[in-house]
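Read the structure below first, then the notes.
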Amino acid sequence: MSALLEAKEVTRTFWVGRGLFAKKRLLTAVNNLDLSLDKGEVLGLVGESGSGKSTLAKLLLGLLAPNSGSITLAGSDVGAMGRLALARRIQPVFQDPYSSLNPRKPVASIVALPLAVQGVGAAERRKRAVAMLEKVGLAKRHADVYPNELSGGQRQRVAIARALVVEPEIVLLDEPTSALDVSVQSQILNLLLDLRRDLGLTYVFISHNLAVVEHIATRVAVMYLGRIVEMADRETLFRAPRHPYTRALLESVLTPEPGLGVPETGLGLAIPNPLNSPSGCVFHPRCEEAGPRCKAEVPRSLRSPDGFVACHLYDGGVGRAAA
Ligand code: SF4
Ligand code: MG
């Protein structure tokens with residue numbers, strides 16, 4: 001079976017540098033990345049800030065083009081598909097329901113906007129927007145209120161309705177619950193799971209929060225400095241993580257150290273500046289298992305039945321650098 005959404009050897013770089021006369025430097029936000037998504041999956045994409053998750057999201061949405069490599073949706077190149085055609089098939093939901101909804105528009109017209117873009121007439125738009133509001137657990141009366149009259153959770157329901165109103169196949173959720181109270185988070189996650197079941201949706205779910213990903217994902221990809229270092233189905237990844245970075249992330253969730261001023265993962269060192277990516281395995285400065293080979297050689301991705309891992313430990317060991 002061919003994948004619904006597939007990224008092959010995708011690299012995306014940016015020139016960065018502050019100020020008019022600053023030396024511009026090349027940042028590799030996404031580095032030779034492979035990813036595939038089958039229909040009906042919920043792929044959790046986990047990583048710290050700076051890991052390239054949001055750049056990858058924009059690439060998958062066709063909002064950015066890769067420097068090299070390809071991204072295809074059901075076999076067609078995403079870049080060649082055109083914004084409108086693509087927007088019918090893949091829709092985003094972003095983190096912040098406060099800034100992503102136009103405060104001057106009533107809810108029904110916010111939800112109906114993607115339909116207006118697609119050229120659907122006003123009466124039909126209204127009908128479909130109201131029906132979608134009900135599907136996401138809002139009432140008919142919410143159609144005519146403004147976003148500032150709604151709670152954070154209700155606003156995120158509006159953002160979800162807006163994404164779903166064009167009946168996309170894939171929804172890309174970028175930290176959709178991070179701005180919400182914990183009690184509201186689980187309501188939104190359960191809503192997303194119900195919608196996926198009822199509407200046959202496929203999700204890419206981006207988060208730095210492993211507990212949230214464990215709740216919703218069927219498969220998990222762990223990102224570090226622009227690469228996916230491990231991918232596995234949810235049970236395998238949480239029960240038997242293989243990559244040292246995945247293990248460190250899981251341990252940091254289990255043993256939080258509030259108030260110690262440690263990085264968000266609790267890993268010993270801060271994530272390296274992506275402008276000065278370490279040689280060899282990019283995780284080696286933070287890795288407890290690192291050996292001489294790790295500084296010298298980029299690890300290959302070793303396939304397993306449900307994913308892969310990129311670490312020398314599973315590919316001949318960390319002991320000797322290749323000549
Ligand atoms: Fe650690 Fe080496 Fe594996 Fe990288 S390749 S994760 S440094 S053991
Ligand atoms: Mg981000």
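Backbone geometry of the range 61-71 corresponds, through the Karplus equation with coefficients 6.51, -1.76 and 1.60 at θ = phi - 60°, to 3J(HN,Hα) couplings of 7, x, 7, 10, 9, x, 6, 8, x, 9, 10 Hz, x marking Gly and Pro. Summing +1 for each Lys or Arg and -1 for each Asp or Glu among the other residues whose beta-carbon sits under 12 angstrom from that of Arg234 gives -3. Taking the average, over residues, of other Cβ atoms within 10 Å as the packing measure, peptides 115-121, 42-48, 62-68 rank 42-48, 62-68, 115-121 from highest down.
For Lys140, a cut-off of 30 angstrom between C-alpha atoms picks up these lysines, skipping any fewer than 8 places away in its own chain: Lys105, Lys127.
If you take all other residues with their beta carbon under 9 Å from the beta carbon of Val220, and give Lys and Arg +1 and Asp and Glu -1, the sum is -1.
Summing +1 for each Lys or Arg and -1 for each Asp or Glu among the other residues whose beta-carbon sits under 14 angstrom from that of Ile160 gives -2.
The GNM of the chain, with springs linking C-alpha atoms under 10 angstrom apart, assigns the highest mean-square fluctuation among Asn32, Asn190, Asn209 to Asn190. Residues whose amide H falls under 5 Å from that of Gly44, counting only those 5 or more places apart or on a different chain, are Phe205, Thr218, Arg219, Val220, Ala221, with hydrogens built in the peptide plane. Ordered by the number of other Cβ atoms lying within 10 Å of each residue's own Cβ, fewest first, Lys23, Lys135, Lys53, Lys39 fall into the sequence Lys23, Lys39, Lys135, Lys53.
Give me the percent relative contact order of the range 150-213, please, defined on Cα pairs under 8 angstrom at least 6 residues apart. For the range 150-213, the relative contact order is 40 percent. Averaging the sequence gap over all C-alpha pairs within less than 8 Å and six or more residues apart, then dividing by the number of residues, gives the chain a relative contact order of 19 percent. Of all DSSP bridge pairs formed entirely within the chain, close to 60 percent run antiparallel. Among the listed pairs Lys24/Lys53; Lys8/Lys135; Lys8/Lys58; Lys39/Lys135, which are separated by more than 27 Å between their Cα atoms? Violating the 27 Å Cα-Cα cut-off are Lys8/Lys135.
Where a number appears in this text, it was derived from the coordinates with a stated rule and is not lab data. Please read these numbers as outputs of a predicted model, since none were measured by experiment. As a convention, Cβ positions derive from the backbone with ideal geometry for all residues, glycine included, and neighbour counts pool all protein chains shown.
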